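Visitor: Below you will find the structure I want to go over with you.
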There are 2 protein chains.
Amino acid sequence: MSLEEVARRAHVSTATVSRVLNNLDVVKSSTRARVMKAVAELNYHPNLNARSLAGSRSRTLGMIASNLENPFFFDIFQTLERNAREQGYELLAAHTDYQPEQLLRSVRTMIGRRVGGLAVVVSEMQPDLIEELDRNRIRTVFYDVGPAMTGMANIRVNYRRAMEDLVEYLHGLGHNRLAFIGHHSTLAPTNERERAFVETVSRYPAATWRNIADQDSLEGGQSAARGLLSGDFQPTAILCVNDFMAIGVLRELRERGLRVPEDVSVTGFDNIRLSEYVWPPLTTADIPRNHIGQLAFEALVNDGSVSHETVIQPEVIVRASTGPARS
Amino acid sequence: MSLEEVARRAHVSTATVSRVLNNLDVVKSSTRARVMKAVAELNYHPNLNARSLAGSRSRTLGMIASNLENPFFFDIFQTLERNAREQGYELLAAHTDYQPEQLLRSVRTMIGRRVGGLAVVVSEMQPDLIEELDRNRIRTVFYDVGPAMTGMANIRVNYRRAMEDLVEYLHGLGHNRLAFIGHHSTLAPTNERERAFVETVSRYPAATWRNIADQDSLEGGQSAARGLLSGDFQPTAILCVNDFMAIGVLRELRERGLRVPEDVSVTGFDNIRLSEYVWPPLTTADIPRNHIGQLAFEALVNDGSVSHETVIQPEVIVRASTGPARS
DNA sequence: TTGAAAGCGGTACCAG
DNA sequence: CTGGTACCGCTTTCAA
């Protein structure tokens, strides 16, 4: 069933039906009513594919995330989705599992769908993909991995600062054997946390450290902790790249009979809701996902002036998973 | 950039380019090569909207879930998505937050996109929506809430049986003051768990019970537990409609200084991965999400013969969150 | 094996 | 304010 059937039933042209459906207020209210009636009676719903094929500006946005299973990404997705819905947009979501090849597919799908805007929240971006997005005139906002130069919008987080704070805080508590657990990903942002960790630790002559990486998942956190603790280096504090993995770390420590924080302190990153629900609740650095989702949305729909670079400052939150080092 | 440009560059018609792109093996291999070359050089990507508008069978599937934040739903989404991708389909996901009005929107979006198949994993289905899906010839598979009669596929879970097992197990442990924590949702499946709980408890003359509901979230679980425990009824065991909410319950108990399972036993449902990572790990009933995702996919793509009703039997898993009642 | 052309269901411009 | 109509980019007969 199509526009044409509705038009026939309402004794108007398809053009008029289209106008009514798009709220172009040029239509006489009596004909508008007639059309509405026909639409209702036929239970008509426009073909979205035809619409975006014919139309100019697209009413759908896209979001690509590395790992929607991690609540950090999911929270961003949710606020973006809510914003989109409230403003009459659809949101297409895709996740890449940190696989470059999946990223490629996702980007192409988004281009193929001619999304009106795309939020890229991944940690494995490749320059040629950015170029491809650019060539196809897709308005894009990047989280973390955006190129510094393009006219595309960028949202960044000052990981370095928060990570320094965390390390200093732990060092102040007497910790001198520190470990960092990261996850596999090709690029910058998580590495920035790792680099900040290494550099900060290196400032303390007495401090020693290790690092290790695994998948971004509960299992990955546990497995990394297992690998770490089965070696000769026994850390008194473990800093994790995010809360999600930290939860896996907590489990491994528990299963080894190590108490948190009496034997080992643990920190996460992101401040996902779960971080308050596990035991002990995690010391972490808050990254405001809602704010990020909001910013992303605005960058995509608020016309034109999109070439900001916004920087967000995470805030350290101390909870029960950290404490003084064993003497 | 369009088919036509590719056609021009390869000195063939758009029809031929289309054939090549769709792997119709009628094309002479030399021309095929020429076309491929042009495609590569132009870095051409088909317009998916045009494709689904023109084409017959759609290469995209849809999934509507109540709450993708709950890992239970997310896991189904993931296996469905993986299956889809591997077979060359796209997956459009939507979530309804248990809001009937959002469900309506989601269904319409899916119809509007003319998805080739739709998995509906919600607990708030309305008959008229089913009819609308039917009228629009959308091949659909329901989880839990499908109508018994239609030609549409159905995947069901025998909640009753597992809930009975859980109650009997706890009763055997000496628990006589039981509570059930559910979540708000209009319809059948979660109520089935609740009903099974009530009926089973009622068989034991000595047993008393309460029930309460809140949102399906960590906070909702905590808030329900708070409401429950601030009353006069002090349960020795709390059965939750799912693991996600149970995690919230654990937190509330902890904050009240109640030990699990020494003071209160807690059970979940679903066996999400998180249930093994929290402390104490949850006694729960396993629902095989992968299997469900798999079944859903098959129901949607495996031609025609889709009118099965598959029933899944959950399996109780005992972990540390349950123990003997205090004497 | 290939090309020409008729749609698919809308949108938007141009007349009236 | 409304209708006619030329596309949007691709698929799919029908002929050649």
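Visitor: Conditions first: (1) out of contact with any Leu (no Cβ under 6 Å at 6 or more places or on another chain); (2) more than 30 Å from A:Gln99 (Cβ to Cβ); (3) within 11 Å of chain A (Cβ to nearest Cβ); (4) within 16 Å of DNA strand C (Cβ to nearest atom). B:Val107 passes all but one, so which condition is the exception?
Guide: Going through the list (1) out of contact with any Leu (no Cβ under 6 Å at 6 or more places or on another chain); (2) more than 30 Å from A:Gln99 (Cβ to Cβ); (3) within 11 Å of chain A (Cβ to nearest Cβ); (4) within 16 Å of DNA strand C (Cβ to nearest atom), B:Val107 breaks only (1).
Visitor: While we're on this one: Pairs under 8 Å by beta carbon, first residue at pLDDT 95 or above in the stretch B:168-180, partner surrounded by fewer than 17 Cβ atoms within 10 Å (Cβ to Cβ) and assigned to a helix (DSSP H, G or I), six or more apart or different chains?
Guide: B:Phe180/B:Val198
Visitor: Also, I was wondering about something else. In a loop (DSSP other than H, G, I, E, B), of a type in the set (A, V, I, L, M) and closer than 17 Å to A:Leu48 by Cβ: does that describe B:Ile138? Working first, answer last.
Guide: Values: in a loop (DSSP other than H, G, I, E, B): yes; of a type in the set (A, V, I, L, M): yes; closer than 17 Å to A:Leu48 by Cβ: yes.
It is true that B:Ile138 is in a loop (DSSP other than H, G, I, E, B), of a type in the set (A, V, I, L, M) and closer than 17 Å to A:Leu48 by Cβ.
Visitor: Select from the stretch A:45-103 the residues that are more than 7 Å from chain B (Cβ to nearest Cβ), within 16 Å of DNA strand D (Cβ to nearest atom) and not in a helix (DSSP H, G or I) and list them in ascending order.
Guide: A:Gly55, A:Ser56, A:Arg57, A:Ser58, A:Arg59, A:Thr60
Visitor: Go through the stretch B:14-36 and give me each residue that's of a type in the set (S, T, N, Q) and within 7 Å of DNA strand C (Cβ to nearest atom).
Guide: Filtering the stretch B:14-36 down to residues of a type in the set (S, T, N, Q) leaves B:14, B:16, B:18, B:22-23, B:29-31.
Scanning the stretch B:14-36 gives B:Thr14, B:Thr16, B:Ser30, B:Thr31.
Visitor: Here's another thing I want to ask about it. Out of all the residues in the stretch B:133-141, is one or more of a type outside the set (Lys, Arg), more than 14 Å from every other protein chain (Cβ to nearest Cβ) and closer than 30 Å to A:Tyr44 by Cβ? Step through it out loud before you land on a result.
Guide: Step one: list which residues in the stretch B:133-141 are of a type outside the set (Lys, Arg), which gives B:133-134, B:136, B:138, B:140-141.
Narrowing further to those that are more than 14 Å from every other protein chain (Cβ to nearest Cβ): B:140-141.
Now drop any that are not closer than 30 Å to A:Tyr44 by Cβ, which leaves B:140-141.
Within the stretch B:133-141, one or more residues are of a type outside the set (Lys, Arg), more than 14 Å from every other protein chain (Cβ to nearest Cβ) and closer than 30 Å to A:Tyr44 by Cβ.
Visitor: Then there is this: Could you please find all residues in the stretch B:257-281 being within 14 Å of another protein chain (Cβ to nearest Cβ) and touching an Asp or Glu at 6+ places or on another chain (Cβ under 6 Å)?
Guide: Step one: filter the stretch B:257-281 for residues within 14 Å of another protein chain (Cβ to nearest Cβ), giving B:257-260, B:266, B:268, B:271-281.
B:Gly268, B:Asn271, B:Ile272, B:Ser275, listed by residue number.
Visitor: Report whether or not B:Glu101 is under 19 Å from the mean Cα position of the chain (by Cα) and acidic (Asp, Glu).
Guide: Details: under 19 Å from the mean Cα position of the chain (by Cα): yes; acidic (Asp, Glu): yes.
So B:Glu101 passes the test.
Visitor: Scanning the stretch A:49-63 for residues that are buried (at least 23 other Cβ atoms within 10 Å of the Cβ) and hydrophobic (A, V, I, L, M, F, W, C), which turns out nearest to A:Glu276 (Cα to Cα)? Spell out the reasoning first.
Guide: Step one: list which residues in the stretch A:49-63 are buried (at least 23 other Cβ atoms within 10 Å of the Cβ), which gives A:49, A:52, A:61-63.
Next, from what is left, pick out any that are hydrophobic (A, V, I, L, M, F, W, C): A:61, A:63.
Values: A:Leu61: 32, A:Met63: 27 Å.
Step by step, filter the stretch A:49-63, then rank; the result is A:Met63.
Visitor: Out of the strands (runs of 3 or more DSSP E) lying entirely within the stretch B:229-327, which hold 1 or more residues that are at pLDDT 95 or above?
Guide: Numbers: elements: B:237-240, B:265-267, B:284-286, B:309-312, B:315-317.
Answer list for the stretch B:229-327: B:237-240, B:265-267, B:284-286, B:315-317.
Visitor: Follow-up. Do we have any residue at all in the stretch B:306-315 that's of a type in the set (A, V, I, L, M) and within 14 Å of chain A (Cβ to nearest Cβ)?
Guide: No, every residue in the stretch B:306-315 fails to be of a type in the set (A, V, I, L, M) and within 14 Å of chain A (Cβ to nearest Cβ).
Visitor: Restricting attention to the stretch B:1-44, which residues are near DNA strand D (Cβ under 7 Å from one of its atoms) and of a type in the set (Gly, Ala, Ser)?
Guide: Matches in the stretch B:1-44: B:Ser2, B:Ala15, B:Ser18.
Visitor: Return the residues of the stretch A:49-67 that are within 8 Å of DNA strand C (Cβ to nearest atom) and of a type outside the set (Ser, Thr, Tyr); say none if nothing qualifies.
Guide: The answer is A:Asn49, A:Ala50, A:Arg51, A:Leu53, A:Ala54, A:Gly55, A:Arg57.
The values are calculated or read from the model by the stated rules, or taken from the named source; none is laboratory data. Note that this is a predicted model, so its numbers are computed, not measured. Note: ideal-geometry Cβ built from the backbone for every residue, glycine included; neighbour counts use all protein chains shown.
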